[in-house]
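Contents: one structure, followed by commentary.
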Amino acid sequence: MFEALFTSFPFYSCLFWTLIFFRIRKADPSKKAFLRFLIASTVLYLCHCAYYNDEYTLYRYLEPVYTLVNLAVYPLFYEYIKSLTRTVYYDKCGKPYCFLRKHWTLIPAIICALLEEVCFILMPSDQLSGFTMRYLYGDGAQMQYGLAGQVAVILFKVRPYIFFITLVHAAIASLKMIKRYNAGLSEYYSNDEGRSLRKTKALVICFLSTTVFAVLLNSFGKEFFNNSLFLAIPSTLFGYMLFLLGLVCYKQDFIAQDFVQDVTQGDIEIEKHNKILGYKGQEVRKQMIDDLMQYQKIYTKVNLTITDMAMMLGTNRSYLSQTINQEYGVNFATFINHYRVENAKKIMLQNSYLSDMQAINDAIAS
């Protein structure tokens, strides 16, 4: 009973969010990409339930499916992060990526699963039963296998290494894309609240850490989990992490395509504005920026963007961003928020009656 309860917790977390995301999958590309990850995770933990509840006959048929989803789950999560942080999938010649180019990380999972299924079909029933007990459950005696059985054994032994490689690639590539995306936001928005992927990044790190922990425990073999407590720890952690991950992804409405749309629209507005006033993207000097911040106090505008500031200075976004980076050594968001913090300190010293954050925000914006 305890085994069934603990092993099914991650499954029900994934199933819950799968149903939710299935209804909103058309909202944006990231929701659809995360749904694919959830479906794979749901099937993965369904296989876990069958395995840890000793459904020998059933699991023998689920093993190739388990191989597929086990090796595909992190590449699918990597594709979800790509859908959040990227919008263009074209090669250097301007041609759109083909299916294999876009989803190349899934190739090892598909090949291994198909090979394993072919091996299971070709293996005699007694060898298949022996393989199931010996390698999948660690209870059977050693026996001689034909060619199909030998290939199945090799696949079984190689699979953890392939999983580790896909895990490391997904982790490094995902964190790099998130870092690059957040840096881009900081160069455009003064306030990236609701746009950045900081919560997603934190959960990715926790999720990957939990995976590494589970892999280390799994190295002890199935008999290690005969103790319900040892089974409960990783199952509870995974169930909880998957639920939080689904919640954060559900609330993440701003993605790369929205960012690109804002930047493109902003550049159009700058071009129209400068054309009307006769500006030609003039060079920005540090003194011009200092005067704008000191006398016009544009940092009090809540949703200030670098586009707004560029139009005030009669220049373009690139010139302004480059000047701020070189002259002040920070990005646009850090530059603006420095003035906001200093202004907040000044207001708090002058108005001791301001005791809550909302009152302070109202005073700053006024």
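So, by mean Cβ neighbours within 10 angstrom, what's the order for 144-155, 288-299 with the highest one leading?
On the way: 144-155: 16.0, 288-299: 14.0.
Going from most to least packed, we get 144-155, 288-299.
If you plug the beta carbon distance of Thr264 and Phe213 into 1/(1 + (r/R0)^6) with R0 = 35 Å, you get a FRET efficiency near 0.20.
Ordered by the number of other Cβ atoms lying within 10 Å of each residue's own Cβ, fewest first, Ser209, Ser186, Ser30, Ser235 fall into the sequence Ser209, Ser186, Ser30, Ser235. For the pair Ile121 and Val248, the difference between a 0.36 nm per residue extended length and the Cα-Cα distance amounts to 41.5 nm. Multiplying the residue separation of Val158 and Arg101 by 0.36 nm and removing their Cα-Cα distance gives an extension gain of 18.1 nm.
Every read-out reported here was derived from the displayed coordinates using simple, explicitly stated rules and does not represent laboratory data. Only a predicted model underlies this, so the values are computations on that prediction, with no experimental measurement involved. Positions of Cβ are backbone-derived with ideal geometry, glycine not excepted, and every protein chain shown enters the neighbour counts.
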